[in-house]
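The values are calculated or read from the model by the stated rules, or taken from the named source; none is laboratory data. Just so it is clear, the model here is predicted, and its values are computed rather than measured. Because the Cβ atoms are built from the backbone with ideal geometry, glycine has one as well, and the counts that use them run over all protein chains shown. SASA here: full protein model, heavy atoms, side chains in, ligands and nucleic acids out. Shrake-Rupley method; radii C 1.70, N 1.55, O 1.52, S 1.80 Å.
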Amino acid sequence: MRSLLFILLIMSVDAEAQLPRNTLDQYEYAQEITLNAPDSLLKQRARNFFRQPFIIHWDSVAFVEAAHTGKGHIMMRINHWFSGFTVPIALTLEIEVKDNGYRYSIRHLEADKKNSIYLFPLEQKPEAVNSVVYEQLLQKTQRYIGSTISMLKRFMQGDL
């Protein structure tokens, strides 16, 4: 009976995935997508994605030929004890239009709250940051970026 209870307990716990890392051991979401659409249409969609409101707060955007790059931040609300606070997460999104598709990359994820202990690359947890807060920051960032990638794919496919 105990083993059955133990198995049920393990199966009921949500599994959290690790954030993907690149060859430099930094967090990076990247994928190459193939679409049957003209390159000119994909370039226009990529440019227009950076103009969508409320997804990512863009600090700078550059459009050069087939590569569209934006540097911006997302706001993560952290709840700890009886209070909550917001930590901006800086990131870089690049959309590169290729023959019959595109490649996206989201990287350079950094906690970017000026004049606080929350100013660090997400790959490196500082000693001064509480472990529970750090895990919340990682998990909420991962969920937000996952939904942003889903929206990007639908946008580039022409569904939005």
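Sort out which residues of region 123-157 are open to solvent by 40 Å² or more (accessible area, probe 1.4 Å) and touching a helix residue (DSSP H, G or I) at 6+ places or on another chain (Cβ under 6 Å), and write them in order of number. Hit for region 123-157 is K125, nothing else. Applying the condition of being of a type in the set (G, A, S) and part of a strand (DSSP E or B) to region 66-79 and asking which residue is farthest from G146 (Cα to Cα) yields A67.
Condition first: free of Cβ contacts under 8 Å to residues at least 24 places away in the same chain and open to solvent by 10 Å² or more (accessible area, probe 1.4 Å). Can you find one or more residues in region 103-114 that meet it? Looking through region 103-114, at least one residue is free of Cβ contacts under 8 Å to residues at least 24 places away in the same chain and open to solvent by 10 Å² or more (accessible area, probe 1.4 Å). Among all positions in region 51-65, there is no residue which is surrounded by 14 or more Cβ atoms within 10 Å (Cβ to Cβ), in a strand (DSSP E or B) and polar (S, T, N, Q).
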